[in-house]
Amino acid sequence: MKNNVIFVMLSFCVLNGSDDKIKINKYSMSSKRYITNADGSISMNINVWGHVITPGLHLIHEGTDLISLLSLVGGPKDGANLKEIRLYRETPDADGISSYTIDLEKFIKSGDRSNLIKINPNDTLIIPQKTSSFLLTQAGSINTLFSLIMIYLQIVYLTNK
């Protein structure tokens, strides 16, 4: 009897010609927002990309703040741009905002946590590298490129002599 009632209700919902349509997002979302373990602790997955010691997918406790998250991933590498950290939400928050730019300079100078943003499940945090740091780390590659150009120019010069 119970199965018949469920079948009738589902049939009515499917066959109902109302204009109430379910809006389907154009991107896939994770089916898991929160994960609980045997002792009842609530955890969530967070993506951390960019200029940190251990980027990737991290399982953190619900309520973890941005500073603790950065500590969990080993902290930012030297040359990380802490003025332009980007946080992207899987789903927009209550204000309809789905991305933030975070400047950690105020926290670093004073320890003031008032500007820190709450971390939600499946958020993606991107810590960029400063341009000057990128250029310094690529100095060896640039040197190699110039050396190859000089060798080529010397060969051309010697063959045309």
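The values are calculated or read from the model by the stated rules, or taken from the named source; none is laboratory data. Computed from a prediction, not measured in an experiment: that's the story for all the values here. Cβ placement follows ideal geometry from the backbone for every residue including glycine, while neighbour counts extend to all protein chains displayed. Side chains included, ligands, DNA and RNA excluded: accessible areas come from the protein's heavy atoms. Shrake-Rupley method; radii C 1.70, N 1.55, O 1.52, S 1.80 Å.
Here are a few things to note about the model shown:
- Prolate/oblate/rounded call for segment 109-150, Cα gyration tensor, a/c under 1.5 rounded: oblate
- Using the average count of surrounding beta-carbon atoms within 10 Å as a protection proxy, the listed peptides 124-130, 91-97 rank, highest first, as 124-130, 91-97.
- Rounded percent of accessible protein surface that carbon and sulfur make up, segment 32-148, 1.4 Å probe: 56 percent
- Highest-first arrangement of 75-88, 104-117, 53-66, where packing means the average Cβ count within 10 Å: 75-88, 53-66, 104-117
- Pair Lys109, Thr124: separation of 7 Å Cα→Cβ label points (nm): 3.1 nm
- Cross-link pairs beyond the 21 Å C-alpha cut-off, checked among Lys77/Lys130; Lys32/Lys77; Lys77/Lys118: Lys32/Lys77; Lys77/Lys118
- Sites Asp95 and Trp49 - FRET efficiency at Förster radius 30 Å, r taken between beta-carbons, to 0.05: 0.80
- In this structure segment 78-124 gives 57 Å² per residue of accessible area when probed at 1.4 Å with all protein chains present.
- Other residues with beta-carbon under 13 Å from the beta-carbon of Thr124 carry, at +1 per Lys or Arg and -1 per Asp or Glu, a net charge of 0.
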